[in-house]
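Visitor: Would you mind keeping the following structure in view while I ask a few things?
The values are calculated or read from the model by the stated rules, or taken from the named source; none is laboratory data. Quick caveat, the model's predicted, so the values are computed rather than measured. With ideal geometry, Cβ positions are generated from the backbone for all residues, glycine too; neighbour counts draw on all protein chains shown.
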Amino acid sequence: MSAAEAKQTAPRALKDLKSTSFRREREPGWRRLEALLEKARTGGLAKLETSELLSLPILYRASLSSLSVARSISLDQNVVRYLEGLAGRAYLLVYGGRSNALAAIGRFLRYTLPGAVRAASGYIALSAFVLALGVVVGYVLTLGNADWYYSFVSDSMASGRGPGAETDTLREALFRDGRNTQERLSAFASFLFSNNARIGMLAFALGFAFGAPTIVLLLINGLTLGAFAALYDGRGLAYEFWGWLLIHGATELTAIVLCGAGGLMLGAAVVFPGEHSRLVNLGRAGRRAAVIVIGAVIMFFIAALLEGFGRQLILHTPTRYMIAAATMVGWLWYAMRAGRRNR
């Protein structure tokens, strides 16, 4: 070996010696951290023992220290890349609050959603009041003058159910048997979900315009419902009508109220920005309201199943009322009690 080759080989040998010594001193800690990461990946943090949980941040900081030293003294790039990957995985576990999708959905349904609903109780009450006001106005006006019915109910929605229809025709619409049309019921349920969810999302999304469009949409829905109620009440079919409606309406109307509450939250953020700018306040209110609207979309899906299947297959009016009462009690309990943590 020449003198020039010896000069080139010496630094490389010294570097390899440093790398080997560096790994020998610190590698047990890396391997232990890697084992904890693998254990948490397969079974979650719940699988780690208390001592392992306590050692996790210590090992993570040690890996960061090793990475810093490896970079500063220009060690083997394979070691540097390994430590970068190890530190990155450990960071996600220590600070990322990692959990599987089912656990995240469970936390949302158990804690996040009912907590958001309780926090927005004032807006929900206002939304319900506006909808109920529309129902009362539509009912009173239509009962006093049947011509108001055509102002509140479109021809496509009426589907032949109007003041000019015979009582037997109106009764038949309440007890139409759908047991032999399962495929049509599936398509109908899908249509109802998409249509109702679209209306609810519209009531929410337009809330930024000072909440006025949201109030108008709630009133329109209430007026339509009130007009239908007056029509059937005038024919002595109020009991049958409300059983036909509430089997799915207990869920659907609640979802509409929640979407309306979300829209009113956006409107209030614009009208009363407080110490923040309107844009900042709108963003904050939007994030809170979006949680409620996601819950409303889930309710629209359930209501579509009840309307597309339950209402067409269950023709016994008392049974319809029982299902309506059970769903309403269930939603109230969920909103008031679910996710309340003990001190």
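Visitor: Kindly indicate the residue of the stretch 34-80 that is outside any helix (DSSP H, G or I) and of a type in the set (A, V, I, L, M, F, W, C) and also surrounded by the fewest Cβ atoms within 10 Å (Cβ to Cβ) among those meeting that condition. Break it down into steps so the answer makes sense when it comes.
Guide: As a first pass, look at the stretch 34-80 and keep what is outside any helix (DSSP H, G or I): 44, 48-49, 73-76.
Those left that are additionally of a type in the set (A, V, I, L, M, F, W, C): 48, 73, 75.
On the way: Leu48: 17, Ile73: 11, Leu75: 21.
Taking the candidates together, the pick is Ile73.
Results for (1) more than 13 Å from Gly200 (Cβ to Cβ); (2) of a type in the set (A, V, I, L, M, F, W, C); (3) in contact with a strand residue (DSSP E or B) (Cβ under 6 Å, 6 or more places away or on another chain), shown as yes or no for each residue.
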{"site": "Val257", "(1), (2), (3)": "no, yes, no"}
{"site": "Leu282", "(1), (2), (3)": "yes, yes, no"}
{"site": "Ala289", "(1), (2), (3)": "no, yes, no"}
{"site": "Leu315", "(1), (2), (3)": "yes, yes, no"}
{"site": "Thr319", "(1), (2), (3)": "yes, no, no"}
{"site": "Arg340", "(1), (2), (3)": "yes, no, no"}
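Visitor: Quickly run through the stretch 132-158 and pick out the residues that are among the hydroxyl-bearing types (Ser, Thr, Tyr) and more than 33 Å from the chain's Cα centre (by Cα). Steps first, answer last, please.
Guide: So the first thing to find is which residues in the stretch 132-158 are among the hydroxyl-bearing types (Ser, Thr, Tyr), and the list is 139, 142, 149-151, 154, 156.
Scanning the stretch 132-158 gives Tyr139, Thr142, Tyr149, Tyr150, Ser151.
Visitor: Further, regarding this structure: Check Ala13 against each of (1) part of a helix (DSSP H, G or I); (2) surrounded by 13 or more Cβ atoms within 10 Å (Cβ to Cβ); (3) modelled with pLDDT under 80 and name the one condition it does not meet.
Guide: In the conditions (1) part of a helix (DSSP H, G or I); (2) surrounded by 13 or more Cβ atoms within 10 Å (Cβ to Cβ); (3) modelled with pLDDT under 80, Ala13 misses (2) alone.
Visitor: Only residues that are surrounded by fewer than 23 Cβ atoms within 10 Å (Cβ to Cβ) and within 27 Å of Ala289 (Cα to Cα): list them for the stretch 236-249, please.
Guide: Residues satisfying the conditions are Leu246, Gly249.
Visitor: When you look at Arg89, is it of a type in the set (Lys, Arg), part of a helix (DSSP H, G or I) and in contact (Cβ under 8 Å) with a residue 40 or more places away in the chain, yes or no?
Guide: Numbers: of a type in the set (Lys, Arg): yes; part of a helix (DSSP H, G or I): yes; in contact (Cβ under 8 Å) with a residue 40 or more places away in the chain: yes.
In short, yes.
Visitor: Using the structure shown, decide if Arg287 is over 17 Å from the mean Cα position of the chain (by Cα) and assigned to a helix (DSSP H, G or I). Spell out the reasoning first.
Guide: Numbers: over 17 Å from the mean Cα position of the chain (by Cα): no; assigned to a helix (DSSP H, G or I): yes.
Taking the combined requirement at face value, the residue does not satisfy it.
Visitor: Among the candidates Gly249, Gly222, Gly236, Gly226, single out the residue that is in the same structural domain as Asn281 (by TED's automatic domain parsing), in contact with a Leu (Cβ under 7 Å, 6 or more places away or on another chain) and in contact (Cβ under 8 Å) with a residue 40 or more places away in the chain.
Guide: Sole residue among the options that is in the same structural domain as Asn281 (by TED's automatic domain parsing), in contact with a Leu (Cβ under 7 Å, 6 or more places away or on another chain) and in contact (Cβ under 8 Å) with a residue 40 or more places away in the chain: Gly222.
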